[in-house]
Amino acid sequence: MYQLKQDKVVSHLNNRPRLAVTLGDPAGIGTEVVLKALADSDIYNDCDLTVVGNRSLLIKNYTYLQKNENIDFLDVSLDDNIKDKVTLGVESAASGAASFAFMEAAIAATLAGDFDGIVTGPIAKSAWKAAGHIYPGQTELLAEKAGVEKFGMLFVARSPHTNWTLRTLLATTHIPLCQVSEALTPELMSRKLDLLVECLEKDFGIKNGKIVIAGLNPHSGERGQLGTEEADWLFDWLEGEQKKRPNLTLSGLIPPDTMWVQPGQAWYGNSNIKSQIQAADGYLALYHDQGLIPVKLMAFDRAVNTTIGLPFIRTSPDHGTAFDIAGKGIADPTSMKAAIELASELVSVRISDR
């Protein structure tokens with residue numbers, strides 16, 4: 001399905017990050033934000049990029065790629081009965097099958113050594129399901145194909161106001177809210193904390209950092225009056241982790257409604273410089289919306305979804321397929337550009353450590 005190109009070998013020898021960029025669901029805005037991002041020549045300054053998708057589907061709606069010989073393309077073959085059923089702006093089993101094939105090709109090429117990382121375009125989980133691929137999201141497919149059991153979703157964004165970097169890890173991800181309490185265990189929390197500590201050290205060069213951990217219930221349970229998980233085991237778990245990690249600053253369990261005040265001040269700069277100094281290096285949220293509502297409120301067009309725990313770098317823009325605006329030419333590529341830039345930075349760190 002793919003071939004290793006000689007220029008990829010050369011770029012690897014020159015220590016330039018080699019990134020695969022998938023188009024995501026071809027019925028959504030993935031193709032548009034990728035092409036808009038690649039139209040910025042600065043995006044190529046520090047890395048080599050290869051787009052992964054189906055050329056005929058892309059050319060069906062865009063002519064840019066045909067005119068730009070600087071873009072490498074890994075053409076993923078699709079059956080005609082899939083290509084012919086893909087309609088821009090319409091979610092379908094065909095568009096799900098196509099985006100799944102793009103992901104499989106990118107993962108296979110990366111595991112084979114052709115790329116150092118993957119930047120994934122947005123997909124529709126329901127379209128994957130309609131196509132017969134039952135995964136909570138791209139993160140779980142990446143982990144399965146890479147053969148890893150310890151992995152997590154880390155959201156990274158750099159403030160345009162203060163240049164401060166927000167890093168938020170989710171303890172649980174794509175599960176119903178009613179299942180969160182059951183899914184959270186001391187073992188899971190320790191695995192996620194391990195991942196966050198390792199990521200801060202390995203990918204961001206932050207040792208002995210400060211990590212803030214959220215409570216689960218309002219007011220972190222109010223001593224059992226508003227929920228018992230904190231009193232039953234979360235506080236004991238945190239105390240044990242603090243003893244195991246004496247060089248690490250762990251703060252918690254912070255009530256969820258106040259945990260994001262300090263990051264907000266560090267992000268917007270509406271306080272003094274002390275807010276950035278006091279803000280944490282990483283934040284551990286216990287469920288999806290607890291972490292992503294504040295992230296998207298502060299950094300909707302800049303946040304990058306990073307899968308940690310993989311043997312390669314994976315980033316993705318923090319937005320969906322936006323079928324309602326697909327093909328209208330109004331999609332904002334800022335998050336896709338940020339995802340490419342962050343992937344390049346993280347790969348460069350790993351290359352320099354080899």
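Couple of notes before you dig in:
- Rounded to whole Hz, the Karplus (6.51, -1.76, 1.60) HN-Hα couplings of the range 128-145, x for glycine and proline: 4, 4, 4, 8, x, 10, 9, 9, x, x, 5, 4, 5, 5, 4, 5, 4, 5
- Per atom type, the chain shows carbon and sulfur on 49% of its accessible surface, probed at 1.4 Å.
- Cut-off 11 Å between beta-carbons: net charge of the residues surrounding Phe100, Lys and Arg +1, Asp and Glu -1: 0
- Accessible area per residue, Å², the chain with all protein chains present, probe 1.4 Å: 44 Å²
- Here the sum of -39500 (n - 2.57) over DSSP H runs of 4 or more residues, divided by the residues of the chain, equals -11500 deg cm²/dmol at 222 nm, to the nearest 500.
- Distance between the 7 Å Cα→Cβ label points at Asp75 and Asn208: 5.6 nm.
- Net +/- balance of residues flanking Ser181 in space, Cβ distance below 14 Å, scoring K and R +1, D and E -1: -4
- Distance between the C-alpha centres of the range 103-164 and the range 304-318: 6 Å, rounded to the whole angstrom.
- About its Cα centre, the range 150-308 has a charge dipole of approximately 640 debye under the convention of +1 per Lys or Arg Cβ and -1 per Asp or Glu Cβ, with nothing else charged.
- Extended-chain gain in nm, criterion 0.36 nm per residue less alpha-carbon gap, Ile351 and Gln225: 40.3 nm
- Here Ala112 and Ile59 are evaluated by their C-beta separation; at R0 = 22 Å the FRET efficiency comes out at 0.25.
- Leading residue at positive end of dipole, the chain (Cβ point charges), from Thr168, Asn45, Ala130: Asn45
- Residue separation of His174 and Arg245 scaled by 0.36 nm, minus their Cα-Cα distance, works out to 22.7 nm of gained length.
- Counted by Cβ distance under 10 Å from Ala127, the other residues give a net charge of 0, where Lys and Arg count +1 and Asp and Glu count -1.
- Subtracting the Cα-Cα distance of Val261 and Lys150 from their residue separation scaled by 0.36 nm leaves 37.0 nm.
- Percent antiparallel among DSSP beta bridges (both partners in the chain, rounded to 5): 40 percent
The values are calculated or read from the model by the stated rules, or taken from the named source; none is laboratory data. What you are looking at is a predicted structure, and each value in this text was computed from that prediction instead of being measured. Note that each Cβ is placed from the backbone with ideal geometry, even for glycine, and that neighbours are counted across all protein chains shown. Please note that ligands, DNA and RNA were not included when accessible areas were found on the heavy atoms of the full protein model with its side chains. Shrake-Rupley method; radii C 1.70, N 1.55, O 1.52, S 1.80 Å.
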